[in-house]
Amino acid sequence: MAGFFSVIGLDIDASDNHGQVAVVTADSAAARDTVTKARTLLREAGVTATVSVPSEDDFDNVLGGSAGLIAHVSGGQDQVDTAVTALIPLGAGPPPFSQDYVSAPDNVSADRVGVVGIATLVMSFLVAAASAGLTAAANVLDRRRVYGLLRLAGTPLKMLDRARIRETVLPLAVLAGGTTAMGVYGAYQFNKMAGISMNTSGAVQLAVCVVVGALAMLAAIGCSKPLLRKVTTDATQTAD
């Protein structure tokens, strides 16, 4: 889940509508009566724009089928903001707005989903690190006689520790890495199907979280190495 929602591009801004500033009117007739005044206000504000009145059957614009006029502004976001301010006197109802205003709720939701995904992954790694550390220490105590006999047989402590770490790390790597990779792959396929670019910042956060989480698990497992050394020091062979 974290891999999927961290990488998926949920920014659903309609890119074709950027640069549009909408003014809602009572009906299309009122919008046509307001076009001349809108052009005058934009010209006085120094904004280069083309003002039009779309059909109420046309949903592929900022108005989304509502009655009103649209100013197609050129010159970037600063000019769009200036146009929004300049057209405020025209609005009898809601103030003029751009695509950023329309997309804001969806973008906020998308950001929250990404944050929840990363928070879930962080909590998962914390639980996994604690569990791995406890399991590693418990295994040392459960197998202390076996480890002691192996030391008596001449097995180096370093080899025992490496084998002990491997038996814990490999399942964690397969589960955590495999499931996270599945989520990333699913998000990639979804983005490809929808024609949405990947959430680069989310991917970076995911990578950092995975690396830090893996290091935390290795550190937790490594903390039981002194315990392994202690239970295998001065081991004696018993009759059984």
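Here, each number is a calculation from the coordinates, and none is a lab measurement. Note that the coordinates shown come from a computational prediction; the quantities given were computed from them, not determined experimentally. No Cβ is skipped: glycine too gets one built from the backbone with ideal geometry, and neighbour counts run over all protein chains shown.
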Figure the gain on full extension for Glu56 and His72 (residue separation times 0.36 nm, minus the Cα-Cα span) and round it to one decimal in nm. 4.0 nm
Shape call, region 15-101: gyration tensor on alpha carbons, a/c limit 1.5: oblate
Among Gly148, Ser66, Ala45, the residue whose Cα sits farthest towards the positive end of the charge dipole of the chain, when +1 is placed on the Cβ of each Lys and Arg and -1 on the Cβ of each Asp and Glu, is Gly148
Quick check: residue separation of Ala153 and Ala138 times 0.36 nm, minus the Cα distance between them. What number comes out in nm? 3.1 nm
Once you have the Cα-Cα distance between Met123 and Ala104, take 0.36 nm times their residue separation minus that, and quote the gain in nm to one decimal. 4.0 nm
Given Cβ point charges of +1 (Lys, Arg) and -1 (Asp, Glu) and nothing else, what value in debye, to the nearest 20, does the dipole of the chain about its Cα centre take? 2100 debye
Once the convex hull of the alpha carbons of the chain is built, what does its volume come to per residue, in cubic angstrom? 147 Å³
For Lys37, give me every one of the lysines with a C-alpha distance below 28 angstrom, ignoring sequence neighbours fewer than eight places off in its own chain. none
For Ile8, Ile88, Ile165, ascending order of other Cβ atoms within 10 Å (fewest first) is Ile88, Ile165, Ile8
Note down, for region 106-232, the three equivalent ellipsoid semi-axes (square root of 5 times each alpha carbon gyration tensor eigenvalue), biggest first, whole angstrom. 40, 14, 10
Cross-link partners of Lys230 among lysines (Cα-Cα below 26 Å; sequence separation of 8 or more within a chain): Lys158
Residue-normalised 222 nm signal for the chain, counting each DSSP H run of n ≥ 4 as -39,500 (n - 2.57), nearest 500 deg cm²/dmol, is -21000 deg cm²/dmol
Where in the chain are the DSSP H helices whose alpha-carbon span along the long axis reaches 30 Å or more and whose Kyte-Doolittle mean is at least 1.6? 200-222
C-alpha center-to-center spacing [region 118-155, region 170-204] in angstrom: 29 Å
